[in-house]
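Visitor: Encoded as structure tokens, here's the structure I'll be asking about.
The values are calculated or read from the model by the stated rules, or taken from the named source; none is laboratory data. Please read all numbers here as calculations on a predicted model, not as lab measurements. Using ideal geometry, Cβ is built from the backbone for each residue, glycine included, and neighbour counts are taken over all protein chains shown. Areas reflect the complete protein model, heavy atoms only, side chains present, ligands, DNA and RNA absent. Shrake-Rupley method; radii C 1.70, N 1.55, O 1.52, S 1.80 Å.
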Amino acid sequence: MDAPRWVLHVDLDQFIAAVEVLRRPELKGQPVVVGGSGDPTQRAVVATASYEAREFGVHSGMPLRTAAKRCPDAVFLPADGPAYEAASAQVMETLREFPVVVEVMGWDEAFVETHTDDPESVAREIQDAVRERTRLACSVGIGDNKLRAKLATGFGKPAGVFRLTEDNWWDVMGDRTTDALWGIGTKTARKLTDLGIHTVKELAAADPYALADRLGPTMGPWFRRLARGADNSPVVGTPYVPRSRSRETTFQQNLTDWDVVRTEIVGLARRVAEDVRSEGRPAVRVGVKVRFAPFRTLTRSVGLPAPTSDVAAIEAGALAALEKFESRRPVRLLGVRAEFETT
DNA sequence: TCTGGGGTCCTAGGACCC
DNA sequence: TCTGGGGTCCTAGGACCC
């Protein structure tokens with residue numbers, strides 16, 4: 001009677017590039033690179049590259065300058081946040097029309113929990129609905145939990161469906177390197193290699209005490225559970241409650257005048273204060289981030305005397321945090337962050 | 001590879017208190 | 001005052017993700 005629980009992970013294909021191609025059909029089939037202000041000589045990185053651009057080795061996170069070297073004929077476009085937000089909202093609205101729980105994970109992805117005997121059919125229906133409503137293609141991962149659904153999506157791209165469960169976990173994942181797991185990056189993978197652990201299978205069988213010793217009491221055992229595909233976290237449909245709000249800027253030319261640094265911090269603090277006000281909850285702590293040239297990043301923060309959404313108080317907090325820095329070396333980036341109370 | 005912007009969570013050291 | 005042990009809070013940094 002009760003149909004089994006399935007988690008679907010819905011992920012738009014080359015989302016940002018796809019939105020751009022929709023409003024400029026002449027770009028279809030061309031290498032498109034979106035990021036920064038669209039000027040590849042600026043300090044900025046690739047937000048999304050179309051599949052055609054990826055053929056040239058261009059990928060997200062890569063400096064635009066590098067992308068331009070690898071693919072000089074690519075069309076470079078500025079990132080247009082509001083346009084992507086609008087497209088994303090349409091997609092999420094479409095998902096919510098199904099009798100499912102939707103957890104939004106970002107502009108271009110969401111988890112969907114459903115109870116059905118035929119998850120592939122639900123996945124296809126979702127793909128059709130999204131394509132019909134937004135003209136965007138998505139891939140869907142099907143899993144018996146969120147972790148497996150998320151990893152499954154990668155095997156379904158582009159525009160496909162893939163199911164990853166306890167049954168095929170070892171066949172699909174066992175021999176892959178540990179960084180194939182969601183939550184293991186290059187740093188952790190390297191530490192694991194030092195322990196003689198290279199593959200998912202090896203991590204799953206590793207000594208939990210050795211892992212805890214090297215990677216921490218929480219993270220060590222958690223990585224081992226990841227390698228087994230274990231995850232009992234729920235799909236959460238309730239609105240997301242942010243823990244912090246922040247603003248930061250990388251300057252095209254490093255700042256050398258500390259008066260200018262102070263002015264910029266005040267500007268960022270005002271923007272953050274606006275975000276705090278619109279959040280409707282007071283901030284309890286304010287932090288400042290400084291990236292000195294060439295690339296050393298330091299942070300300092302202060303607790304506020306009392307929880308507040310007041311612009312002047314947040315400004316004063318940011319300036320107090322800034323005063324904690326001793327170095328006056330050239331500055332590449334400045335950021336201001338406000339933290340809300342944790343409940 | 002001359003390395004964005006917006007987030008989350010964990011860890012570790014020192015301060016402080018009993 | 002040659003000095004233990006445990007708990008908690010604050011702060012900075014690191015890793016990861018989209």
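Visitor: How about segment A:1-50: which of its residues are part of a strand (DSSP E or B) and open to solvent by 60 Å² or more (accessible area, probe 1.4 Å)?
Guide: A:5, A:45
Visitor: Need the failing condition index for residue A:343 against (1) in a loop (DSSP other than H, G, I, E, B); (2) open to solvent by less than 30 Å² (accessible area, probe 1.4 Å), just the number.
Guide: Checking residue A:343 against (1) in a loop (DSSP other than H, G, I, E, B); (2) open to solvent by less than 30 Å² (accessible area, probe 1.4 Å), the one that fails is (2).
Visitor: Continuing with the same structure: Looking at (1) among the aliphatic types (A, V, I, L, M); (2) part of a helix (DSSP H, G or I); (3) crowded, with 17+ Cβ neighbours inside 10 Å, which one does residue A:312 not meet, given that it meets all the others?
Guide: (3)
Visitor: I'd like the residue in segment A:192-225 that is more than 13 Å from residue A:174 (Cα to Cα), free of Cβ contacts under 8 Å to residues at least 12 places away in the same chain and over 27 Å from the mean Cα position of the chain (by Cα) and, out of all such residues, is least open to solvent (accessible area, probe 1.4 Å).
Guide: A:196
Visitor: With respect to the numbered conditions (1) more than 30 Å from residue A:292 (Cα to Cα); (2) surrounded by 15 or more Cβ atoms within 10 Å (Cβ to Cβ), which one is the sole condition not fulfilled by residue A:189?
Guide: (1)
Visitor: Would you pick out the residues in segment A:257-305 that are over 17 Å from residue A:322 (Cα atoms) and not hydrophobic (A, V, I, L, M, F, W, C)?
Guide: A:274, A:275, A:277, A:278, A:279, A:280, A:281, A:282, A:294
Visitor: Hey, another quick one. Every residue in segment A:326-343 that is within 11 Å of DNA strand C (Cβ to nearest atom) and touching a Lys or Arg at 6+ places or on another chain (Cβ under 6 Å), please.
Guide: Correct list: A:339 only.
Visitor: With respect to residue A:60, is the statement that it is assigned by TED's automatic domain parsing to the domain that holds residue A:157, within 16 Å of DNA strand C (Cβ to nearest atom) and surrounded by 13 or more Cβ atoms within 10 Å (Cβ to Cβ) true?
Guide: On the way: assigned by TED's automatic domain parsing to the domain that holds residue A:157: yes; within 16 Å of DNA strand C (Cβ to nearest atom): yes; surrounded by 13 or more Cβ atoms within 10 Å (Cβ to Cβ): yes.
So residue A:60 fits the description; yes.
Visitor: If you don't mind, another one. Could you grab me the full set of residues in segment A:262-309 that are open to solvent by 70 Å² or more (accessible area, probe 1.4 Å), part of a strand (DSSP E or B) and more than 12 Å from DNA strand B (Cβ to nearest atom)?
Guide: Listed by number, the residues that qualify are A:300, A:305, A:307.
So that you can scan it fast, the table gives a plain yes or no per residue for (1) in the same structural domain as residue A:124 (by TED's automatic domain parsing); (2) closer than 30 Å to residue A:128 by Cβ; (3) not aliphatic (A, V, I, L, M):
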{"residue": "A:142", "(1), (2), (3)": "yes, yes, no"}
{"residue": "A:150", "(1), (2), (3)": "yes, yes, yes"}
{"residue": "A:154", "(1), (2), (3)": "yes, yes, yes"}
{"residue": "A:175", "(1), (2), (3)": "no, no, yes"}
{"residue": "A:212", "(1), (2), (3)": "no, no, no"}
{"residue": "A:218", "(1), (2), (3)": "no, no, yes"}
{"residue": "A:223", "(1), (2), (3)": "no, no, yes"}
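Visitor: Considering A:306, A:273, A:283, which residue is of a type in the set (Gly, Ala, Ser) and more than 16 Å from DNA strand C (Cβ to nearest atom)?
Guide: Working: A:306 fails: more than 16 Å from DNA strand C (Cβ to nearest atom); A:283 fails: more than 16 Å from DNA strand C (Cβ to nearest atom).
Selected residue: A:273, the only one of A:306, A:273, A:283 that is of a type in the set (Gly, Ala, Ser) and more than 16 Å from DNA strand C (Cβ to nearest atom).
Visitor: Quick one: would you say residue A:248 is touching a Gly at 6+ places or on another chain (Cβ under 6 Å) and surrounded by fewer than 17 Cβ atoms within 10 Å (Cβ to Cβ)?
Guide: Details: touching a Gly at 6+ places or on another chain (Cβ under 6 Å): yes; surrounded by fewer than 17 Cβ atoms within 10 Å (Cβ to Cβ): yes.
It is true that residue A:248 is touching a Gly at 6+ places or on another chain (Cβ under 6 Å) and surrounded by fewer than 17 Cβ atoms within 10 Å (Cβ to Cβ).
Visitor: When you scan segment A:163-213 for helices (runs of 4 or more DSSP H) that lie fully inside it, which ones turn up with 1 or more residues that are within 9 Å of DNA strand C (Cβ to nearest atom) and closer than 25 Å to residue A:7 by Cβ?
Guide: On the way: elements: A:169-173, A:186-194, A:200-204.
So the answer is A:186-194.
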